[in-house]
Each structure stands twice: as C-alpha cells, then as structure tokens.
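Enquirer: So that we are looking at the same thing, I have put the structure below in structure tokens.
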C-alpha cells in the first residue's frame, strides 16, 4: 500500500483526509507541524507528501523547499490561498501539485494517483525488487554527449558536465521528456499534460518557471540558452 505523509495542523481537515485515505487503502501518518513532518520523513518513508502551507512553526514554502532537498517523492500543497502568485511560488520551491481548500476528496485521490503513477514509472527496480543494473549502458540511462548531460532514469539523477544537479520531481520529468525527443517542439499544453495528466493542476506560467529553473541548472548562460530553446508562439524544444 502507498504511504502518505500528511502535514496539517487543522484537526478537522486533518482527520477528514486521514479517514478518507485510509478507507481508500492508503497508509497515512499525520503530523501537526513542520518539525514532526521532517522527523517523520526518515522513519515513515512516504511515497507522497500532503503539505499544508499554514503551519504553527514553519512557513509552508520554506518547509516544502526543505522537504524537496531531502526526498524526491511528490509533494502536494493544500492551502486556502488560491492566488496564482502563491501557486507559482509553491511550484518554484519544489511542489508538484496544488489543491485549494475546500476541495473534493475524490479529486485529491485522483491527483495523488496521477503523481504516484508518474513517479513510480521511473522506479522499476524498486517496484519489482529486481537486482541492481549492470554498469554497462542500459535503457535506464539517457546520454547526450554534445551537452555532456546524462540522465539516469532509474536513480532519477542528472549530471551536467560531470556535476550532480538537484531537481524537483517536475523538473526531472520535463528534462527527461525534452532530452528523449530532441528537436521536437512541445507546446506548453503538451508539457502540462505530460507533467500532470488531466487530473492535476498546473498552468502555462508554471511550465515557464520550470524551464527557467532548468536553464539555470544546465545552461552555461541561461539568458542565451543553447539547449532548451524557445519556439516563439509555440513552446519549447531541446537542441543537441
């Protein structure tokens, strides 16, 4: 069963979410503040995190950023703030989805399943308990010699010019898609669907933020990108 870490100080909402997810066969651990959540991350080892933005001891986006630095699992923000600026900030610090209160429990479950499916798709060895891959090249690795860029799909790692690069779950999915299909022009709508599916929230502005962050991480000069090119009026493409 999938394990969900819920960090929510509101007792009514927290209990509702716990009861619903347990009835849907999830294993749920609820924490009432950020410190509890950080401590639980290590011993509970969740498959997904539900994080309230308003906590008694942490600014939600600060905690999201800290959690993203410790784990690659999907993070869904739950918040009563529906401002676009707040959503963009959450995506920027590592969130993978954003649910505005009040929300449907069925919708929450659908979004959880979308993110878990996409995340687990990249972890076949762990799911199937198969032996570690041999060091020889395999389909789990994608290399682009011209950019000195190497992606390991199994370990979800990216190396650029020999240096290990930290990425959010969404950033990894985006760069993987672009690198696997060089020269293909992706509309923003295509990238939204590829990252989120139809059940999760993301908009064109969030895609632009992810692209900007990726350029900072892989380009020598992000202001004059050589690899992730903008196709004006359409979207983006990866150039070898």
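The values are calculated or read from the model by the stated rules, or taken from the named source; none is laboratory data. In this text, all values refer to a predicted model and were calculated from it rather than measured experimentally. Positions of Cβ are backbone-derived with ideal geometry, glycine not excepted, and every protein chain shown enters the neighbour counts.
Enquirer: Return the total of residues in segment 68-80 being in contact with a strand residue (DSSP E or B) (Cβ under 8 Å, 6 or more places away or on another chain) and surrounded by fewer than 16 Cβ atoms within 10 Å (Cβ to Cβ).
Expert: 1
Enquirer: Within the group 51, 63, 29, 99, which residue is under 22 Å from residue 114 (Cβ atoms), crowded, with 22+ Cβ neighbours inside 10 Å and in contact with a helix residue (DSSP H, G or I) (Cβ under 9 Å, 6 or more places away or on another chain)? Spell out the reasoning first.
Expert: Working: 63 fails: under 22 Å from residue 114 (Cβ atoms); 29 fails: crowded, with 22+ Cβ neighbours inside 10 Å; 99 fails: crowded, with 22+ Cβ neighbours inside 10 Å.
When all the criteria are applied, what remains is 51.
Enquirer: Of all residues in segment 34-48, which are more than 19 Å from residue 99 (Cβ to Cβ) and either surrounded by fewer than 17 Cβ atoms within 10 Å (Cβ to Cβ) or under 20 Å from the mean Cα position of the chain (by Cα) (or both)? Explain how you work it out, then say what you get.
Expert: Here is the first cut: in segment 34-48, the ones more than 19 Å from residue 99 (Cβ to Cβ) are 35-36, 38-45.
If the condition is that a residue be more than 19 Å from residue 99 (Cβ to Cβ) and either surrounded by fewer than 17 Cβ atoms within 10 Å (Cβ to Cβ) or under 20 Å from the mean Cα position of the chain (by Cα) (or both), then 35, 38, 39, 40, 41, 42, 43, 44, 45 are the ones that fit.
Enquirer: Okay, next question. Do we have residue 65 as touching a strand residue (DSSP E or B) at 6+ places or on another chain (Cβ under 9 Å), in contact (Cβ under 8 Å) with a residue 24 or more places away in the chain and not assigned by TED's automatic domain parsing to the domain that holds residue 207 here?
Expert: Numbers: touching a strand residue (DSSP E or B) at 6+ places or on another chain (Cβ under 9 Å): no; in contact (Cβ under 8 Å) with a residue 24 or more places away in the chain: yes; not assigned by TED's automatic domain parsing to the domain that holds residue 207: yes.
No; evaluated as a whole, the condition is false for this residue.
Enquirer: Step by step: first the residues of segment 16-26, then only those that are out of contact with any strand residue (DSSP E or B) (no Cβ under 8 Å at 6 or more places or on another chain) and without any contact (Cβ under 8 Å) to a residue 12 or more places away in the chain, then the one that is surrounded by the most Cβ atoms within 10 Å (Cβ to Cβ). Which residue is that?
Expert: Filtering segment 16-26 for residues that are out of contact with any strand residue (DSSP E or B) (no Cβ under 8 Å at 6 or more places or on another chain) and without any contact (Cβ under 8 Å) to a residue 12 or more places away in the chain, the one surrounded by the most Cβ atoms within 10 Å (Cβ to Cβ) comes out as 19.
Enquirer: Assess whether residue 154 counts as being under 20 Å from residue 68 (Cα atoms) and modelled with pLDDT of 80 or more.
Expert: On the way: under 20 Å from residue 68 (Cα atoms): yes; modelled with pLDDT of 80 or more: no.
Spelling it out, it is not the case that residue 154 is under 20 Å from residue 68 (Cα atoms) and modelled with pLDDT of 80 or more.
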